[in-house]
Amino acid sequence: MFGTQVSVDRPWSDRDRTLSDQMEQYWTNFAKTGDPNGVGLPEWPRYGATAEAVMQLGDKTGPMPVLDPERKALFDAYLATRLSN
């Protein structure tokens with residue numbers, strides 16, 4: 001995160017560096033505007049009760065379908081408790 005992987009002696013791949021750069025941009029954009037999306041980044045879908053996709057970060061970065069309705073319902077219930085505080 002934030003380009004600090006160079007401080008750890010590991011065989012980082014080009015994908016590791018790209019993912020680090022993407023995450024840094026997402027976090028920075030979100031801190032500035034409340035929206036992680038920005039130029040040159042895969043679109044991060046807005047999450048909500050009718051969301052059909054969530055963001056995948058890893059070997060592939062981009063939206064992926066919400067496949068498990070039970071897990072989505074569990075997360076929605078958890079999120080509701082956090083938003084009510």
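Axis angle, to the nearest 10 degrees, between helix 14-33 and the longest C-alpha principal axis of the chain: 50 degrees. Placing R0 at 30 angstrom, the Cβ-Cβ distance between Leu83 and Lys32 gives a FRET efficiency of 0.85 after rounding to 0.05. Once the Cβ-Cβ distance of Thr4 and Glu43 is raised to the sixth power relative to R0 = 30 Å, the FRET efficiency obtained is 0.70. Shape summary of the range 24-73, radius of gyration then Dmax from alpha carbon positions: 11.9, 34 Å.
Split the chain at each of the chymotrypsin sites (Phe, Trp or Tyr not before Pro) in a DSSP loop with at most 16 other beta carbon atoms within 10 Å, and the longest piece is 48-85.
Extending 7 Å from Cα along the Cβ direction at Ala53 and again at Lys72 yields two label points whose distance is 1.4 nm.
Placing +1 on the Cβ of every Lys and Arg and -1 on the Cβ of every Asp and Glu, with no other charges, gives the chain a dipole of roughly 160 debye about its Cα centre.
Bear in mind that the values in this text are calculations on the coordinates, not laboratory data. Because the structure is a prediction, the values reported are computed rather than measured. With ideal geometry, Cβ positions are generated from the backbone for all residues, glycine too; neighbour counts draw on all protein chains shown.
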